[in-house]
């Protein structure tokens, strides 16, 4: 009986052992962030969204940080170590124990190719399901110089030819190799074990399995993706390019889902930003991780949000900042130059200054519904302002205010006639004496 569709078990092997020295960084390349998530995290997320439950991540030796990120992003992943860097086929074979479990399909991906989309992975699997032993993922390059070429005959893939080894006619081919591959799971170990080091670098190349499959009269094919989707990230310039492409995707998604971005190119999203319908975002707004915004919210220019929930019909900014743990209630107004942290602003409320830190500990301020806090007032925590209470402008409140009470705490005003003129005259004389 033929096994099809969701019944076919698939293993995704993610190669994350590269050093990334061109990043000029103490962090491993694959842990650099794009839209608030590591490159490795983006690849693992695409795999999971494609319905692939089984993942093997190949890391370099002594990389507990990469292992920890893999476990955090894909808790069920199996981890393997490539102790020597002897090529891509050698890296895949580091996951031999996983490959030997008996999968119908194997996908090979790279953790530094973070923009790969779910639909592309599904398309590669479909070509395996159609009976191909090996499927390479290609792209049409604007400038193919330096890339390996896919040598094809119709839908059949005859070879992957490295640029330096290609003939003039092969160099004219614009379909290039992305490096990603899909392999028939029943044949994967046999094909990989047949790869030798018969090349100038003395490495085991994953691309060689195409020629090996053709020699065995097995079916081979290819799928195509846009060039931007399969770009590799090796330095900070490419990282910035990947960030820009990701932001374009996120902005487009937000607008198609019903949000208005007045100047889309100035708005920065995180991978997990959630926006409701009829949200209006003015220019230069930054969304950090874990932000959820409900319907009909206005976020005014130059505001910065992170780890925040905003309920419907609220308004923030301009120049507002919400820090982790903030919750802005329905129809609440967070004005200009206001900063929140671990604050719960109730429905319909507006903000004021709370003094919650004494240099050692932080304390809580509670303001009841309907309370009115006058301008330029400071509330020194721990403190509770009751429902319907009033605090006079310019007050420094250090004690609880009961419901409906009026609290005024400010120094007594004193006036001295002619003081200003006397002060100026004395100061001018002092200044002249110094000169």
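The values are calculated or read from the model by the stated rules, or taken from the named source; none is laboratory data. The shown structure was predicted, so the numbers you read here are calculated from the model rather than taken from an experiment. Neighbour counts are summed over all protein chains in view; Cβ atoms, including those assigned to glycine, are modelled from backbone coordinates with ideal geometry.
Only one of 169, 190 is at pLDDT 95 or above, over 33 Å from the mean Cα position of the chain (by Cα) and more than 25 Å from residue 31 (Cβ to Cβ). Can you tell me which?
190
With 385, 367 as the choices, which residue is farther than 24 Å from residue 305 by Cα, surrounded by 12 or more Cβ atoms within 10 Å (Cβ to Cβ) and in contact with a strand residue (DSSP E or B) (Cβ under 9 Å, 6 or more places away or on another chain)?
Going through 385, 367 in turn, just one is farther than 24 Å from residue 305 by Cα, surrounded by 12 or more Cβ atoms within 10 Å (Cβ to Cβ) and in contact with a strand residue (DSSP E or B) (Cβ under 9 Å, 6 or more places away or on another chain): 385.
Give the number of residues within region 293-304 that are more than 11 Å from residue 328 (Cα to Cα) and either buried (at least 19 other Cβ atoms within 10 Å of the Cβ) or in contact with a strand residue (DSSP E or B) (Cβ under 6 Å, 6 or more places away or on another chain) (or both).
The qualifying residues number 5.
Among 215, 238, 201, which is free of Cβ contacts under 8 Å to residues at least 40 places away in the same chain, within 20 Å of residue 87 (Cβ to Cβ) and out of contact with any helix residue (DSSP H, G or I) (no Cβ under 6 Å at 6 or more places or on another chain)?
215
Determine whether residue 208 is surrounded by fewer than 13 Cβ atoms within 10 Å (Cβ to Cβ) and more than 30 Å from residue 285 (Cα to Cα).
For residue 208, the condition - surrounded by fewer than 13 Cβ atoms within 10 Å (Cβ to Cβ) and more than 30 Å from residue 285 (Cα to Cα) - is not met.
For region 124-164: of the residues being in contact with a strand residue (DSSP E or B) (Cβ under 6 Å, 6 or more places away or on another chain) and without any contact (Cβ under 8 Å) to a residue 40 or more places away in the chain, which is surrounded by the most Cβ atoms within 10 Å (Cβ to Cβ)?
Result: 149.
Does region 141-161 hold any residues that are more than 16 Å from residue 218 (Cβ to Cβ) and under 33 Å from the mean Cα position of the chain (by Cα), and which are they?
141, 142, 143, 144, 145, 146, 147, 148, 149, 150
Looking at (1) exposed (fewer than 15 other Cβ atoms within 10 Å of the Cβ); (2) touching a residue at least 24 places away in the same chain (Cβ under 8 Å); (3) farther than 26 Å from residue 300 by Cα, which is the one condition that is false for residue 347?
Among (1) exposed (fewer than 15 other Cβ atoms within 10 Å of the Cβ); (2) touching a residue at least 24 places away in the same chain (Cβ under 8 Å); (3) farther than 26 Å from residue 300 by Cα, the lone unmet condition for residue 347 is (3).
Quick one: in region 404-427, of everything that is part of a loop (DSSP other than H, G, I, E, B) and farther than 23 Å from residue 386 by Cα, which residue is nearest to the chain's Cα centre (by Cα)?
411
Does residue 192 fit the bill of being closer than 27 Å to residue 97 by Cβ and crowded, with 22+ Cβ neighbours inside 10 Å?
Against the criterion (closer than 27 Å to residue 97 by Cβ and crowded, with 22+ Cβ neighbours inside 10 Å), residue 192 qualifies.
Quick one: is residue 252 surrounded by fewer than 17 Cβ atoms within 10 Å (Cβ to Cβ) and over 15 Å from the mean Cα position of the chain (by Cα)?
yes
Which one is farthest from the chain's Cα centre (by Cα) among residues in region 353-373 that are within 22 Å of residue 331 (Cα to Cα), in a loop (DSSP other than H, G, I, E, B) and at pLDDT 90 or above?
The extreme case among them is 371.
How many of the residues in region 185-217 are in contact with a strand residue (DSSP E or B) (Cβ under 7 Å, 6 or more places away or on another chain) and either within 15 Å of residue 93 (Cα to Cα) or in a loop (DSSP other than H, G, I, E, B) (or both)?
6
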